[in-house]
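Quick notes on the structure that follows.
The values are calculated or read from the model by the stated rules, or taken from the named source; none is laboratory data. Since the model is a prediction, treat every value here as computed from it, not as a measurement. Backbone-built Cβ (ideal geometry, glycine too); neighbour counts: all protein chains shown.
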Amino acid sequence: AAGVIQSPRHLIKEKRETATLKCYPIPRHDTVYWYQQGPGQDPQFLISFYEKMQSDKGSIPDRFSAQQFSDYHSELNMSSLELGDSALYFCASSKDSYGYTFGSGTRLTVV
Amino acid sequence: AQKITQTQPGMFVQEKEAVTLDCTYDTSDQSYGLFWYKQPSSGEMIFLIYQGSYDEQNATEGRYSLNFQKARKSANLVISASQLGDSAMYFCAMREAYTGGFKTIFGAGTRLFVKA
């Protein structure tokens, strides 16, 4: 069965650079969620989209933005990267708020 | 206020024994969902089990069962016949409804070590 696809799997950026993370949800899933998990921490909710509209916003910095496109894939854009942005970024998708499935994550390292 | 509380930062269990991972939650909603996820050292988040707030029976999925006590607001995960591959971080999570959608909040996690 198709899963949530995230790309890239690993990303190394320098401070003040920009990064774009991509997420392809499970087909026919209508909601996409982004989470950030710092080293040794639980996942923190960043932002979600339902039917291509932003549905909820969590602890997402102003330097970050996200959107969901017409094909339902989503991108998380991160600018002016800081060392503290180094984390595992998860995307998850769901249909009718059930079947909450995570992607394998993108590990971002800011140096 | 902490919405999801996992009081056990780490747990040890002998292989083939059962182990219970604690989770309590706080919500004023009548409708919510409770999840458990496993995160091995490789980092991916693996869905284990789900319990809806209106489900009267405890959820079970293979060796995993969820001990749901609604009045106590607890949703403990029970792993029977532990295996070495069960060593991982385990997160309890709760999904609540917000205007326009849903959000899932995670607990701090419990690291489980299975001993041979």
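Of all the numbered requirements in (1) surrounded by fewer than 21 Cβ atoms within 10 Å (Cβ to Cβ); (2) more than 9 Å from every other protein chain (Cβ to nearest Cβ); (3) of a type in the set (S, T, N, Q), residue A:36 misses one, and that requirement is (1). When you check residue A:67 against the structure, is it buried (at least 21 other Cβ atoms within 10 Å of the Cβ), at pLDDT 90 or above, closer than 24 Å to residue B:105 by Cβ and of a type outside the set (A, V, I, L, M, F, W, C), yes or no? Considered against the rule, which asks whether it is buried (at least 21 other Cβ atoms within 10 Å of the Cβ), at pLDDT 90 or above, closer than 24 Å to residue B:105 by Cβ and of a type outside the set (A, V, I, L, M, F, W, C), residue A:67 comes out as no.
For the range B:101-115, what are the residues that are more than 7 Å from every other protein chain (Cβ to nearest Cβ), surrounded by fewer than 21 Cβ atoms within 10 Å (Cβ to Cβ) and either touching a Phe, Trp or Tyr at 6+ places or on another chain (Cβ under 7 Å) or among the small types (Gly, Ala, Ser) (or both)? Don't jump to the end; show me each part of the working.
Of the range B:101-115, the ones more than 7 Å from every other protein chain (Cβ to nearest Cβ) are B:110-115.
Now drop any that are not surrounded by fewer than 21 Cβ atoms within 10 Å (Cβ to Cβ), which leaves B:111, B:113-115.
Within the range B:101-115, B:113, B:115 meet the criteria.
For the range B:47-79, a residue qualifies if it is loosely packed, with under 14 Cβ neighbours inside 10 Å and either closer than 15 Å to residue B:95 by Cβ or touching a residue at least 12 places away in the same chain (Cβ under 8 Å) (or both), and the qualifying residues are B:54, B:61, B:70, B:72. If only one of B:42, B:31 is within 11 Å of chain A (Cβ to nearest Cβ), touching a residue at least 60 places away in the same chain (Cβ under 8 Å) and either in contact with an Asp or Glu (Cβ under 6 Å, 6 or more places away or on another chain) or surrounded by fewer than 20 Cβ atoms within 10 Å (Cβ to Cβ) (or both), which one is it? That would be B:31, the only listed residue that is within 11 Å of chain A (Cβ to nearest Cβ), touching a residue at least 60 places away in the same chain (Cβ under 8 Å) and either in contact with an Asp or Glu (Cβ under 6 Å, 6 or more places away or on another chain) or surrounded by fewer than 20 Cβ atoms within 10 Å (Cβ to Cβ) (or both). Applying the criterion of at least 2 residues that are hydroxyl-bearing (Ser, Thr, Tyr) to the strands (runs of 3 or more DSSP E) found wholly in the range A:1-103 leaves A:19-24, A:31-37, A:44-50, A:87-95, A:98-102.
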